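A quick write-up on the structure given underneath.
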Amino acid sequence: MAIVVDLDVLLVKRGMSVGDFAEAVGITPANVAVLKNGRAKAVRFSTLESICRVLECQPGDVLRWESDQA
């Protein structure tokens, strides 16, 4: 099983740059890259809350589960 982070899709839909997004959320652009590339092992609820506030979305718009089975 894999949790997929759809930040890249949401940023494009909102017309927001990684730098602007990182500043608005209060994380570094490097940490945004870790999230976007699926390398994050955890996300704090406070960070998820900030992401949702900035992108005006729900947690399910940012995170989704995808089966490993083909």
Worksheet, complete the sentence: Of the residues in region 19-29, those that are part of a helix (DSSP H, G or I) and either open to solvent by less than 50 Å² (accessible area, probe 1.4 Å) or closer than 12 Å to Val54 by Cβ (or both) come to Gly19, Asp20, Phe21, Ala22, Glu23, Ala24, Val25
Worksheet item: Based on what the data block shows, is Gly38 closer than 15 Å to Asp6 by Cα, open to solvent by 50 Å² or more (accessible area, probe 1.4 Å) and in a helix (DSSP H, G or I)?
Response: no
Worksheet item: Among the candidates Val32, Val54, Val4, Val9, which residue alone is part of a strand (DSSP E or B) and open to solvent by less than 100 Å² (accessible area, probe 1.4 Å)?
Response: Val4
Discussion item. Restricting to region 32-49, and then to whatever is of a type in the set (S, T, N, Q) and within 10 Å of the chain's Cα centre (by Cα), can you tell me which residue is modelled with the highest pLDDT?
Written reply: Thr47
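The values are calculated or read from the model by the stated rules, or taken from the named source; none is laboratory data. Here the structure is a predicted model, which is why all the values come from computation and not from measurement. Here the Cβ is made from the backbone with ideal geometry for all residues, glycine too, and neighbour counts use every protein chain on show. When the accessible area is computed, the model is the full protein with side chains, heavy atoms only, and any ligands, DNA or RNA have been set aside. Shrake-Rupley method; radii C 1.70, N 1.55, O 1.52, S 1.80 Å.
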